[in-house]
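The values are calculated or read from the model by the stated rules, or taken from the named source; none is laboratory data. Everything numeric in this text was worked out from a predicted model, so none of it was measured. Quick reminder, even Gly has a Cβ in these numbers, built from the backbone with ideal geometry, and neighbours come from all protein chains shown. Surface areas here come from the heavy atoms of the whole protein model, side chains and all, with no ligands, DNA or RNA. Shrake-Rupley method; radii C 1.70, N 1.55, O 1.52, S 1.80 Å.
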Amino acid sequence: MYNHDKIRKLKKAGWTLGLLFLVFLCFFVGFSVGKNKQKSAQKPVKQEVVEKKKDLTTDTVQKFLIAYYTRKDLGENRNRYEPLVTTSMYNELTTEEKQPVNQAYRGYVVNQVLDSANIYINTEEDTAICVVTYKNTQRIKIGTDEGALKNQSNQEAVQLTFTQQGKKYLVDKLEPVTLTNLLNTDSNSYNTNVTTESNYSDQTQLTTTSSTTLTTTEESSHE
């Protein structure tokens, strides 16, 4: 015969253990969920960083001027200015070098070096007016400097238009400009390497080949 008292006690013990197990299981699940929520709440939220647009600088402009105006002969400097210009600008410059009027001077105008540059930057339009002075050797016979005119000084003014590609500013347009008024009455005003980083303002007028008039002010003093 079965011992009913023992059976009842065993059933009661089983129910008690089952309830304790369920309580423990619920406590464990609740504790794990709460801990995960706490970790999620403590996890730092990444904020999007908006990168501020960097302005065009005189260093960028001068780097191009050095690469473009310094050359041993026509076209010798292509590999130096190519990384500093857009593809369309590079094609335009090389096409211009191939023009017969320029090819006629190949081998005669050599050893050109940038001497100085006055730079006036318009940061709103990413343009720069540059008054550059460079020296070169002008030969009378190819292959020899005998009788050549050495260290001949030349000066011209150009407007550079830049475009930003990634973090770099590249030259997208180069236009000659004509100075209608000198920047300074001092005869040595362009013989010093002065760079001015500012918007164009009023003392000196510069007229582009398309008859667009710009005004500039030289903010640096010349001694």
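Brief remarks follow.
- For a label point 7 Å along the Cα-to-beta-carbon line of Lys167, residues of the stretch 72-93 with backbone N under 17 Å: 84
- Most tightly packed first, judged by the mean number of other beta-carbon atoms within 10 Å of their residues, the peptides 148-161, 91-104, 127-140 read 127-140, 148-161, 91-104.
- Heavy-atom accessible area with a 1.4 Å probe sorts Ser88, Ser116, largest first, into Ser88, Ser116.
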